[in-house]
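To start, the structure itself, in structure tokens.
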Amino acid sequence: MVAHWIFGETRSGKTQQLIRFAQQVGAQPQQPLLVFGANGDNRIALAGRLIDDLGDRVAMLTSTPAGFIQDEIILFWPLLVQALGLQAQFPLKLRPENEQVLATELWRTQLDSGELAVDGWRESRLVRRSLDFLLLASQGCIPIEEIADILKAGMPGSLAPAALWDSVGAALIRWQSWCLQRGLLTYGIMSALYWRYLLPMEQYQHQLRSRFKGVLADDVDEYPTIMSALLSVFLEADCPCLFTFNPQGKVRLGLGADPAELLTLSARCEQISLDSPVKDSLGKWGNRVAEWVADPLAIPALPDEITLLQATSRGQMLRITAEAITLAIESGQVQPDEIAVIAPGLDSIGRYSLIEILSSRGIGIESLNDQRPLVSSPMVRSLLALLALIYPGLGRLVDRDAIAEMLVVLSQHPSSTPLVAHSSTSSTSLRSAPDTWFDLVAIDPVRAELIVDNCFVPDIENPHLLPAETFSRWDRLGHQSVNAYNRILNWIDSQKQLRQQRLTLKPVITIDRIVQDFLWRGTHLPADQLATLRELMETAQYFWEVEDRLNLVDGAWGTTESSAASHRLSDVGRFIQLIQKGTVSANPYPVNPRALGQRGVTLSTIYQYRAQRLNHRWQFWLDAGSPLWGSSAGELFGAPLFLQNWPGKPITLAEIEAANEAYLSRTLHDLLGRAQERVLLCHSELALTGQEQMGPLISLVGAAQPADGSLTSDEALVTAE
């Protein structure tokens, strides 16, 4: 059967063509179609559209490149054990935070001796980038043995001597061997096993062709090279295949994707080019806007749909932007869920300011993937402090301030009024007013400080709390505070007794009890706090699964050759340190406002917005004068060296500048294609640092007309000033 390759820009109907092709081909449950989405969010959206349009008439299995490879490695692990002579044990996935900690301990000798060291790089950065090299090589179908040669050829000589890259390559080979001996798998190692050993097996390819009738892949411009090898198996077997490609996409270029390599598959397919984007889109202006930005001497003639909101300082700009959104919603021009605020880099100040202003007007906010370190949550910090009081030897990991915060947080009681999201259809808050946090706590911050000053005994081996009566003026604490404090003391004593009686086998159980007894308040917890607790529990479970595996293989993990100062701590101490480092973050999905039917103004970075393939009637481009618009955010260090079309020499400044210009052009095309009616450029003359903003979009800012009076008010301007 002829394979199809669909070319098309943003919102040109590529996914709809994929759905029609699936309907034409058909499939039975015994041999479904294999359908790929670029990432988890895209896969869920694609699966929803397939179900809505096709129902159960066509059997399909939806996945992502990363998810499919991981599932296949686990499913066919016995084949790999036999082929590589590995120990027959069930594989255990390593999360990134566990991966970095274990690699650091394994390389401790080389790190301390300076064999693995780059001037200006912290130890954690060196370890993270080295592990990223393994991931990029695995996704690019490059043997691990060639990593050192690639780094020596591609890295500037002024950065580090060639001997360092040899050491990095040797360390990665040792790391991979160490993990395989213990059945520990990172995504980089799984990718290497898949393309190098599993996929070439004729037995596996036969199973692949018999399990799936064909393959449909949406947005292959976001896929790594390893997917080219997988898709080729179906092409060579003449299975039904359809691939969609967006020349203006390539969002994950620099994060493992290799669109140029995937594009080579188009020569083996029937190529179909779709017309321009749908009519309700500003994508028709994409070429001209990109040309105006690329030519500094051009005088843009922007359409009426692109206007300007301008202020002197960034704080004023944020205020005016929030007021414009409020006025547009109040006047009925647009609904909250039809507005997106997009920024090249959304800092905490900007995010907090917009959320506070809009929330005070009763407008809901949906902040995409607002991943913050778990340790930034008071609940998590309090939980860690409580663990330090239960388990011995953790006195260095807790201080007076942490104990005081713990007393305040753990003394909270459920509100009598459930938390309800802000209404997105009114200028006033329609939610029932819950009690403030001060009304919910039995021990306020002042009394907590008094208790800590008089009742907390810091000790390296056994930090503990004394009874309230130890404080000579304990009557100043009040009946409510003393009762809450005694409840916490009694709970700590009961947990210590359970440990002595060996009724609490794992710290995960203790963590779960803390959540259940102190932090979990049923439906009263907001979605973000619920997501934080879910992520904490998942992290704890993964952590102790790895600890159990290491103890099973190595005996006492803390006594192995990789032992370091941190391993003088117990497993609980290492877990506390892991969370305190801030490497673990919480993602509200799947407990997010969208999933719960709440809609509001979308607040997102450029990458998040493009990666989730969203579109809105109105877009507000925040910090339009920022230089960050011209550079790709979050690109992995050294990523261009692992692309198939890398020329084999260091990347020059001219090539970097050309890549940034191409990125900016794709970004403008893509964002305009996702805007249906209006784009408002939100510009401040001065950045947060006080410097004048002269980014690549400054010519658009100078040519854009101010927004009409319906989006500005004298009161807003006076307030901003």
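The values are calculated or read from the model by the stated rules, or taken from the named source; none is laboratory data. Quantities reported herein were computed from a predicted structural model and do not represent experimental measurements. Note: ideal-geometry Cβ built from the backbone for every residue, glycine included; neighbour counts use all protein chains shown.
Worth a mention:
- Close Cβ contacts (under 8 Å, 6 or more residues apart or on different chains) running from residues in segment 454-474 that are on the phi < 0 side of the Ramachandran plot and at pLDDT 90 or above to residues that are assigned to a strand (DSSP E or B) and of a type in the set (Val, Ile, Thr) comprise PRO463/VAL457; HIS464/VAL457; LEU465/VAL457; LEU466/VAL457.
- Among the helices (runs of 4 or more DSSP H) confined to segment 59-151, the ones with at least 2 residues that are under 22 Å from LEU193 (Cβ atoms) are located at 65-75, 77-84, 96-106, 123-139.
- Scanning segment 157-168 for residues being within 30 Å of the chain's Cα centre (by Cα) and more than 19 Å from VAL127 (Cβ to Cβ) gives a total of 0.
Rundown of residues vs (1) over 22 Å from HIS413 (Cα atoms); (2) part of a helix (DSSP H, G or I); (3) modelled with pLDDT of 85 or more, yes/no style:
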| position | (1), (2), (3) |
| --- | --- |
| PRO434 | no, no, no |
| ASP439 | no, yes, no |
| ILE443 | no, no, yes |
| LEU450 | no, yes, yes |
| ARG476 | no, yes, no |
| GLN480 | no, yes, yes |
| ALA484 | no, yes, yes |
| ARG487 | no, yes, yes |
| ASN490 | no, yes, yes |
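- Taken over segment 686-720, the residue count meeting the criterion of being surrounded by fewer than 17 Cβ atoms within 10 Å (Cβ to Cβ) and either modelled with pLDDT under 75 or not β-branched (Val, Ile, Thr) (or both) is 19.
- For ARG211, the conditions (1) at pLDDT 95 or above; (2) in the same structural domain as LEU253 (by TED's automatic domain parsing) all hold with the exception of (1).
- Residues that are in contact with a Leu (Cβ under 6 Å, 6 or more places away or on another chain) and more than 17 Å from CYS269 (Cβ to Cβ) within segment 1-18 comprise SER12, GLY13, listed in sequence order.
- The number of residues in segment 232-257 being touching a residue at least 24 places away in the same chain (Cβ under 8 Å) and either surrounded by fewer than 20 Cβ atoms within 10 Å (Cβ to Cβ) or part of a loop (DSSP other than H, G, I, E, B) (or both) comes to 17.
- Residue within segment 78-93 that is more than 15 Å from LEU184 (Cβ to Cβ) and in contact with a Phe, Trp or Tyr (Cβ under 8 Å, 6 or more places away or on another chain) present: yes
- Qualifying positions in segment 305-341 - surrounded by fewer than 23 Cβ atoms within 10 Å (Cβ to Cβ) and under 17 Å from LEU668 (Cα atoms): GLU305, ILE306, THR307, LEU308
- From LEU552, LEU536, LEU530, residue being under 27 Å from the mean Cα position of the chain (by Cα), modelled with pLDDT under 85 and not in a loop (DSSP other than H, G, I, E, B): LEU530
- For segment 258-273, the criterion of being within 33 Å of the chain's Cα centre (by Cα), buried (at least 22 other Cβ atoms within 10 Å of the Cβ), part of a loop (DSSP other than H, G, I, E, B) and not assigned by TED's automatic domain parsing to the domain that holds LEU664 is met by at least one residue.
Per-residue answers, yes or no, for (1) at pLDDT below 90; (2) hydroxyl-bearing (Ser, Thr, Tyr); (3) under 25 Å from SER348 (Cα atoms); (4) in a loop (DSSP other than H, G, I, E, B):
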position	(1), (2), (3), (4)
PRO590	yes, no, yes, yes
TRP621	no, no, yes, no
PRO650	no, no, no, yes
LEU664	no, no, yes, no
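- Residue check, ILE339 at pLDDT 90 or above and closer than 26 Å to VAL251 by Cβ: yes
Here's the yes/no breakdown for (1) in contact with a helix residue (DSSP H, G or I) (Cβ under 9 Å, 6 or more places away or on another chain); (2) among the acidic types (Asp, Glu); (3) closer than 25 Å to ARG613 by Cα:
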| position | (1), (2), (3) |
| --- | --- |
| LEU198 | yes, no, no |
| HIS206 | no, no, no |
| MET227 | yes, no, yes |
| LEU253 | yes, no, yes |
| ILE272 | yes, no, yes |
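- The conditions of being of a type in the set (Asp, Glu), part of a strand (DSSP E or B) and more than 30 Å from TRP5 (Cα to Cα) are not met by GLU323.
- Selection status of LEU164, in contact (Cβ under 8 Å) with a residue 60 or more places away in the chain, over 22 Å from LEU255 (Cα atoms) and either hydrophobic (A, V, I, L, M, F, W, C) or in the same structural domain as LEU230 (by TED's automatic domain parsing) (or both): no
- Taken together, LEU84, LEU92 contain a single residue that is within 23 Å of the chain's Cα centre (by Cα), at pLDDT 90 or above and not charged (D, E, K, R), which is LEU92.
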